[in-house]
Structure formats: structure tokens, C-alpha cells
């Protein structure tokens with residue numbers, strides 16, 4: 001049974017948290033814990049404290065509180081799962097994987113734990129392990145369109161285009177408005193040399209999420225490859241409208257302008273791309289698409305000025 005004083009301190013903690021005073025919230029949750037209450041409620045209060053510590057970027061303190069929960073309830077899979085999330089934030093990926101696996105042992109159908117392990121392996125470049133765990137997600141969540149897409153994307157990276165197509169199509173069949181699946185289908189069709197189909201799916205992706213700048217970039221790459229430079233400029237201009245800080249969109253548009261010998265526009269876009277990402281200079285210097293600019297004094301000045309830095 002909750003004591004009167006514990007209840008008051010909990011209410012105070014909640015009010016401080018609502019009002020963005022997280023340190024005070026922790027203080028009053030801790031005061032609440034010094035009074036009588038059920039084990040279940042104590043665990044909830046400890047979860048609250050651990051989460052606030054995480055929000056305050058006090059990750060070691062958060063881990064310490066999760067360990068207290070586990071001392072009270074060694075079968076609390078949520079504590080292991082949340083602690084794994086914190087270890088990921090601390091870049092302790094091996095510890096995170098071990099903790100996710102402990103959570104899975106207690107709750108074998110915890111698909112989000114399999115998903116997070118898969119994502120870690122994907123980031124590490126271990127595609128086979130990533131696939132293994134993404135497939136485990138599907139064992140417990142058959143309609144997970146994001147996981148189907150992720151598997152398809154991995155197969156595409158591995159050059160397994162037929163498998164990639166199959167998995168991404170499954171993702172689209174489940175949710176035909178998920179922009180990433182539509183985008184990745186465009187990638188697969190481009191890999192298969194089917195430019196018309198690739199353009200169709202990139203455009204579908206763009207309709208679902210006009211702010212994903214890689215869609216415009218990939219469309220422009222097809223148009224440049226097909227020597228349709230006007231179309232490339234048009235799609236890149238649309239992309240820049242929606243993503244004004246995307247340096248690679250300016251860069252690709254500069255390439256198209258240069259090929260069309262629109263020197264002034266090309267140089268303007270090169271300048272903008274370099275402002276957003278100065279490291280692009282090494283590509284500007286050797287990109288054959290800028291051969292038309294080599295005799296332009298302004299272009300040479302850009303190269304010299306950036307090399308000074």
C-alpha cells in the first residue's frame with residue numbers, strides 16, 4: 001500500500017517533470033522511494049528516474065538505476081532492454097547486444113530487441129549477422145514493412161538484386177506509402193538497368209516524402225547518365241527547394257550546368273556546394289564534368305582559394 005507521504009512526493013516529482021525541472025523531479029522521486037510502497041510501484045519509480053537520467057545525458061547514473069531494478073526483479077526484460085539502449089548511446093555495442101539478448105531470453109518474442117541487434121550489426125558492416133537478426137524480427141512480426149525494406153536494402157548492397165526486389169516488394173505490398181521502400185525499389189531497378197521503372201519508384205517515393213534529398217540525387221544521376229541534363233537540372237532544383245542545405249544537390253546541378261556550358265550557373269552552384277561542404281573541393285578539382293570551366297578565371301580562383309585553406 002502506498003503511504004500518504006510517498007504519494008505526495010510522487011505528485012511533486014511529476015509536476016517538476018512536467019515543468020521541465022528534471023533534477024528536482026529525480027530528487028522527489030528519490031524521496032518517494034524512502035517511504036513504504038509496493039515492489040511494483042517502486043520499480044515504476046526507478047524506471048522514471050532512469051529515464052530522466054538518460055534525458056539529462058547522465059548515462060552512468062541511468063545504468064546504475066536499471067541495475068537496481070534488476071536487483072529487485074531479475075526477470076524484468078524491460079530493464080535489460082532499456083539498459084541496452086543506454087549502452088548503445090555510450091557506444092558500448094557489445095554490452096548492448098549482450099543486454100538485448102538477456103531481454104530476449106526473458107521475452108523471446110521481443111522483436112524490437114532483434115531489430116536493434118540487427119541494426120548494430122548493419123552499422124558494423126556485418127551484413128550476414130544483420131540479416132540473421134532482421135529475419136528473427138519477421139519470425140515474430142510478419143507485417144513489419146520496415147524490416148522487409150531493411151533486408152531488401154542489405155541484399156541490394158550485397159548485389160543480390162532478385163532477393164532485394166522480393167523483400168522490398170513485400171514491404172511495399174504491406175505499406176505502399178513508406179517512402180524508403182519506394183526509394184529502395186528505385187535503387188534496385190537502377191541496378192538492374194531499368195531506368196524507366198527506377199524513375200517511376202523514385203517519383204512515388206518523392207510524393208510520400210519530398211524532403212528526402214537522396215531521391216532527387218538519384219533521379220539526377222539517372223538523367224545525367226542518360227544525358228538528359230535539362231531534366232537533371234529541373235529535378236535538382238526541386239530538390240534544392242525542399243532541401244536548401246543539401247550540398248550534393250548543388251554539386252550535381254553544377255555538373256549539369258557545366259556540361260550545358262552554362263558557366264555562370266555552374267560556378268554559382270559550385271560556390272554554394274563548397275560553402276555547405278568545403279571538403280568537396282577535392283572532387284571539384286578532378287571532376288571531368290567541370291572540364292568546360294577550366295579556362296574560366298573565376299573557376300580557377302575558387303580552386304586556388306580553397307587550396308589555401
Those residues of segment 201-234 which are more than 24 Å from the chain's Cα centre (by Cα) and in a helix (DSSP H, G or I), in sequence order: 222, 223, 224, 225, 229, 230, 231, 232, 233, 234
Can you find a residue in segment 144-152 that is free of Cβ contacts under 8 Å to residues at least 40 places away in the same chain, within 29 Å of residue 67 (Cβ to Cβ) and buried (at least 19 other Cβ atoms within 10 Å of the Cβ)? no
Answer yes or no as to whether residue 175 is under 21 Å from the mean Cα position of the chain (by Cα), surrounded by fewer than 19 Cβ atoms within 10 Å (Cβ to Cβ) and without any contact (Cβ under 8 Å) to a residue 12 or more places away in the chain. no
Go through segment 236-247 and report how many residues are under 20 Å from residue 277 (Cβ atoms) and either assigned to a helix (DSSP H, G or I) or more than 27 Å from the chain's Cα centre (by Cα) (or both). 7
May I ask you to list the residues in segment 256-271 that are in contact (Cβ under 8 Å) with a residue 24 or more places away in the chain and part of a helix (DSSP H, G or I)? 256, 257, 258, 259, 263, 266, 267, 270, 271
Looking only at segment 159-172, count how many residues are more than 16 Å from residue 198 (Cα to Cα) and either in a helix (DSSP H, G or I) or under 20 Å from the mean Cα position of the chain (by Cα) (or both). 4
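Read-outs throughout are calculated quantities, based only on the coordinates presented, and are distinct from any laboratory measurement. If you're wondering where the values come from, they're calculated on a predicted model, not measured in any experiment. Positions of Cβ are backbone-derived with ideal geometry, glycine not excepted, and every protein chain shown enters the neighbour counts.
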